[in-house]
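Derivation of every value follows stated rules applied to the coordinates shown; laboratory data play no part. Just so it is clear, the model here is predicted, and its values are computed rather than measured. Heads up, the Cβs are rebuilt from the backbone with ideal geometry, glycines too, and the neighbour counts pull from every protein chain shown.
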């Protein structure tokens, strides 16, 4: 069911990244880390919602506030980001199956984000830290100017390691290369990742090599957001497909057919 929300804050946090805070106007919504909402552009010629992962959720002075990290990437998202604070917009959610924290029994957890794939992992990391988990975030992008800083992420600086493929950067390289370095230094554990398919496939090969488990949050184009249109099909190992919006977006990497996904 679609609902009305009010834009109470909009903030640019990187070159093309913005944080939007939406008040869902008294509706009872309690999203889990890894879930998403469909946000509908205000333009009449953009009828499909845009799937956006939840960046955070808080209750402030009686308001249910859902936070999103959005990249300006086309006419639909641009029309959403053009809205002034105080404007109303339509949303649908929370949708999808998020991360199941009861399965995270590893002593050490590595979160690996590529680009705006940091959004669901930031939400997850705050929940894991609140539960006393030993968790660190590896966050990478093409350039440092494309990344939100630790103050924006509101995470402990000593637990966030950043990589960029061009200077200036704390680590010059990819988030996968930084993950390899940190695992070698500190030891492996459960890895949870969100980002481009190339990154996820490299992590899958790396986890197979060191015998550790990988959980991924998969991004896909979506039409409906609740499993009907099947435009977000994810190839399943052994044949068939899974729906990123319905069975996912969070999946055990072992059930994904990575060869078919990359060529899809």
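A few remarks follow.
- Entry note, the range 1-123: relative contact order of 34 percent, from Cα contacts under 8 Å with a spacing of 6+ residues.
- Residue-averaged 222 nm ellipticity for the chain, from DSSP H runs of 4+ at -39500 (n - 2.57), nearest 500: -6000 deg cm²/dmol
- With respect to the chain, whose longest principal axis is taken over its alpha-carbon atoms, helix 118-130 is tilted by about 70°.
- Axis of helix 175-186 versus longest Cα principal axis of the chain: the two differ by about 50°, to the nearest ten degrees.
- Working ranking of peptides 143-152, 107-116 by packing, defined as the average number of other Cβ atoms within 10 Å per residue, highest first, is 107-116, 143-152.
- Label-point gap, in nm, between residue 97 and residue 45 - each point 7 angstrom along Cα→Cβ: 3.9
- Taking the range 219-264 and dividing mean pair separation by its residue count, relative contact order in percent (alpha carbons under 8 Å, at least six apart): 32
- Every Cα-Cα pair in the range 26-150 was counted, and those over 22 Å apart are 42% of them.
- Shape class for the range 219-264: prolate, because the ratio a/c of the largest to smallest gyration tensor axis (alpha-carbon atoms, square roots of eigenvalues) is 1.5 or more and a/b beats b/c.
- Secondary structure note: in the chain, about 65% of the DSSP beta bridges are antiparallel.
- Mean projection of the Cα convex hull over all viewing directions, computed for the chain: 14.0 nm².
- Between the range 170-207 and the range 30-85, the C-alpha centres lie 28 angstrom from each other.
- Overall dimensions of the range 2-95, expressed as equivalent-ellipsoid semi-axes from the Cα gyration tensor (√(5λ), whole Å, largest first), are 19, 14, 13.
- Residue of 28, 12, 213 that the Gaussian network model of the chain assigns the largest fluctuation, springs spanning Cα pairs under 10 Å: 28
- Neighbour counts of C-beta atoms inside 10 Å place 166, 194 in the sequence 166, 194, starting with the fewest.
- The reciprocal of the average 1/r between distinct C-alpha atoms defines the Kirkwood hydrodynamic radius, which for the range 101-217 equals 14.0 Å.
- Residues of the range 64-108 falling in the label zone of residue 226, defined by backbone nitrogen less than 11 Å from a point 7 Å along Cα to beta-carbon, are 92-96.
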